[in-house]
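Notes for the one structure printed next.
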Amino acid sequence: MPKIVDHGERREELLAALWRVVDKQGAAAVSVRSVAAEAGVSKSSLAHYFPSQAALVAAAIEQVMDESEGRTSQLDLDDADVSTIVSALSLAIPDSAERRAQAELWLHLAATSPDNSEILERLNDRVNDALEWGLARMADTGLLGAGRSVEDEAGRLHALVDGLALQVVSSPTRMTPERVRVILTRHVADLTTPLS
């Protein structure tokens, strides 16, 4: 009798192998070959689930985003204050070795996959949608300053969060979690003031 394969479980095993490669050798070592070897499968078996290296990396990044959204959903954003919003935004900042490795993988995808702009755009849209949702909640509760555009402020916030993530990855001793929190707190406090 043929073995029944749980495809969801197999995908998770392959993504776990990717993270082991990142942990052992860094984001630059991620390839179809290295992940297949780590998982103990052939490249063609891996390609059945992830047709390209970019698709594999994108799935890993989406896995991280799902986990972050799960942590964010535990915060009370229906009646949020500045501190709660800063806590939600902080989840996007790589403040641990594991999360720095995750951010490095995202940066590696962006730097090495110019022909995968569709994947990068989908991932960035997902981040932007989450930021717009949060800012819309701020507007609904009167926390977003008068005259501020949800769309414009989401763009500014996205650039700030991405920039902070890059700084944390490249200069973790300079861009400490405490400094990140101060910067985010000042920015969110600014969002609550009306535009003049």
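Quick check, is Ala97 at pLDDT 80 or above, on the phi < 0 side of the Ramachandran plot and surrounded by 13 or more Cβ atoms within 10 Å (Cβ to Cβ)? Against the criterion (at pLDDT 80 or above, on the phi < 0 side of the Ramachandran plot and surrounded by 13 or more Cβ atoms within 10 Å (Cβ to Cβ)), Ala97 does not qualify. In the range 1-51, the residue that is farthest from the chain's Cα centre (by Cα) out of those that are β-branched (Val, Ile, Thr) and more than 22 Å from Ala110 (Cβ to Cβ) is Ile4.
Residues are listed down the side, and each one gets a yes or a no for (1) among the aliphatic types (A, V, I, L, M); (2) not in a loop (DSSP other than H, G, I, E, B):
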position: Glu38; (1), (2): no, yes
position: Ala54; (1), (2): yes, yes
position: Met65; (1), (2): yes, yes
position: Gly70; (1), (2): no, yes
position: Ala80; (1), (2): yes, no
position: Ile85; (1), (2): yes, yes
position: Ala88; (1), (2): yes, yes
position: Pro94; (1), (2): no, no
position: Glu98; (1), (2): no, yes
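All of (1) under 22 Å from His158 (Cα atoms); (2) out of contact with any Pro (no Cβ under 9 Å at 6 or more places or on another chain) hold for Arg100 with one exception: (2).
The values are calculated or read from the model by the stated rules, or taken from the named source; none is laboratory data. This is a predicted model, so every value here is computed, not measured. When we count neighbours, we look across all protein chains shown, and the Cβ atoms used for this are built from the backbone with ideal geometry, even at glycine.
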